[in-house]
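The values are calculated or read from the model by the stated rules, or taken from the named source; none is laboratory data. The model shown is predicted, which means the values in this text are computed figures rather than measured ones. Don't worry about glycine lacking a Cβ; one is built from the backbone with ideal geometry, like all the others, and counts go over all protein chains shown. The area values use the complete protein model at the heavy-atom level, side chains included, leaving out ligands, DNA and RNA. Shrake-Rupley method; radii C 1.70, N 1.55, O 1.52, S 1.80 Å.
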Amino acid sequence: MSLEKMLATYEFEQWLYREAELLDHIDFDGWFSLMHPSLIYQMPVRVNKEGTERPDYAEDMFSFNDDIDLLSLRVERLKTDYAWAEIPPSRTRRFVSNVKLADYVPNEKASVNSYLLIYRSRSTDIHHDLISGERRDEFTYEDGIWKLSKRVFIVDQTTLNTRNLAIFV
């Protein structure tokens, strides 16, 4: 691996860690500022298939399939009294690992894969959620910073054991 790619990998690791911190601290405006206007934000439904047939997720069915406008509405809604699923807000901790630079054109675009584990607890509930999966991210370089232009979150579970999916991955 070249020094340039090593430094770029480090830069994207730090970007992903910062993103996790913003979300865990409920700074949705700060998080949203990291998004590119052309954003596609998806979580395909995981499916069970026989043997090693791939992909083992739906390519035309999603738990969410948002563009920048819909994501903006979700963020704005969380700031109101009408986001009942998040009153009080979830306490989350995001663990990002296995960050790998898949494609990189300096100061233009990049593709980055990573693993994500989310621990989530709610109010006084003694139960917690664990959500894990792989993120396939695409970044666009704009105005001197990297912006997320596409995220596909491939969740590991076929059945999510969570009351709602009102958090961001």
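What the phi angles of the range 144-157 give under the Karplus curve with 6.51, -1.76 and 1.60, with θ = phi - 60°, is a coupling list of x, 9, 7, 10, 6, 10, 7, 9, 10, 9, 9, 6, 6, 8 Hz, glycine and proline written as x.
In this structure, Ser123 and Glu21 have a Cβ-Cβ separation that, at R0 = 22 Å, corresponds to a calculated FRET efficiency of about 0.50. Per residue, the range 40-134 exposes 62 Å² of solvent-accessible protein surface, assessed with a 1.4 angstrom probe and all protein chains in place.
Dividing the C-alpha radius of gyration of the chain by 2.2 N^0.38 Å, with N its residue count, gives 1.06.
For the chain, the relative contact order is 23 percent, taking Cα pairs closer than 8 Å that sit 6 or more residues apart in sequence and dividing their mean separation by the residue count. In order along the range 26-41, phi translates into HN-Hα couplings of 6, 9, 5, 5, x, 5, 5, 5, 7, 8, 7, x, 8, 3, 10, 10 Hz, rounded to whole numbers, per the Karplus curve 6.51 cos²θ - 1.76 cosθ + 1.60 with θ = phi - 60° and x for Gly and Pro. Taking Thr52, Thr158, Thr92 as the candidate residues, the one with maximal mean-square fluctuation in a Gaussian network model of the chain, Cα springs under 10 Å, is Thr52. For Lys109, the residues whose amide H sits under 5 Å from its own are Tyr141, ignoring neighbours fewer than 5 places away on the same chain, with H placed 1.01 Å from N. Computing FRET efficiency as 1/(1 + (r/R0)^6) for Glu142 and Asp69, where r is the C-beta to C-beta distance and R0 is 22 Å, gives about 0.80.
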